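What follows is a set of notes on a single structure, which appears directly below.
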Amino acid sequence: MIKKIILFTVTIVLFTNCFSDKKSAIGTNFNDTSFVNKKFTNKVNFSKIEDVCGYISAKHLAKLYNVNEADITIIKGNSANKRCSFYVKLSDQKFDHITGSIGVYEEKDKLVDGSTWVESWQIRKNVSKSAEWIPNLGQAAYYRGSKRELFVKFKDYTMSITAPGSTFNKIEKEKNRDYKKIALALANKTPILK
């Protein structure tokens, strides 16, 4: 019985390590701050951000996904969580759509333990196999390809954008879209980056 448990555990660990996006943070170079955009200045304070759905245009999304504007649905969250979801309809079938989102959340530059956001971002980026730094966007930015997510750091807050897509929808996968390009296009249309 113990052999079966050990074999099962080893199999799960190997499966997770081979097919997940995670990697070890061991070896993270905490002296490398080259990803920080020293020329960046905040345009909008966190307290002034209210309706992030206003940052997303159905017309712009439709153009990025080559669909009609009527095929885009934007679902407002409440103003307290500063989050918005959007759907891109792929066909007339009921559940044939892909989902994306935009959100803004507070992330202080100086943390309670005395560290800064720089260290936490180094770790977050380095534990993902598919993450890459995006230069000259916000205070810093990285894109995680496995999740189609773009993170942009501002003074005391972060914006996250998930480009609509699917790892399971065959038709969507065959389109071979450049989700990084889409996430960057969505980010660059927001007033907090203009």
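Derivation of every value follows stated rules applied to the coordinates shown; laboratory data play no part. No experiment lies behind these values; they were computed from the predicted model shown. Note that we place each Cβ from the backbone using ideal geometry, even for glycine, and neighbour counts take in every protein chain shown.
With respect to Gly138, determine if the residue is surrounded by 13 or more Cβ atoms within 10 Å (Cβ to Cβ) and in a loop (DSSP other than H, G, I, E, B). In short, yes.
For the range 107-122, the candidate set comprises residues that are surrounded by 12 or more Cβ atoms within 10 Å (Cβ to Cβ) and of a type in the set (A, V, I, L, M, F, W, C); within that set, the residue that is nearest to Val152 (Cα to Cα) is Trp121. Residues in the range 44-61 that are closer than 11 Å to Thr190 by Cα and among the aromatic types (Phe, Trp, Tyr): Tyr55 only.
Of all the numbered requirements in (1) part of a helix (DSSP H, G or I); (2) touching a strand residue (DSSP E or B) at 6+ places or on another chain (Cβ under 7 Å), Phe86 misses one, and that requirement is (1).
Per-residue answers, yes or no, for (1) aliphatic (A, V, I, L, M); (2) surrounded by fewer than 16 Cβ atoms within 10 Å (Cβ to Cβ); (3) touching a residue at least 12 places away in the same chain (Cβ under 8 Å):
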| residue | (1), (2), (3) |
| --- | --- |
| Phe40 | no, no, yes |
| Leu64 | yes, no, yes |
| Ile75 | yes, yes, yes |
| Leu90 | yes, no, yes |
| Phe95 | no, yes, no |
| Ile98 | yes, no, yes |
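Inspect the range 117-132 for any residue being touching a residue at least 60 places away in the same chain (Cβ under 8 Å), in a loop (DSSP other than H, G, I, E, B) and among the small types (Gly, Ala, Ser) and give the result as yes or no. Within the range 117-132, one or more residues are touching a residue at least 60 places away in the same chain (Cβ under 8 Å), in a loop (DSSP other than H, G, I, E, B) and among the small types (Gly, Ala, Ser). Entry remark, the range 146-179: residues being outside any strand (DSSP E or B) and either crowded, with 17+ Cβ neighbours inside 10 Å or touching a residue at least 60 places away in the same chain (Cβ under 8 Å) (or both) number 11 in total. Considering the range 83-99, and only residues there that are basic (Lys, Arg) and within 20 Å of Ala185 (Cα to Cα), the residue that is nearest to the chain's Cα centre (by Cα) turns out to be Arg83.
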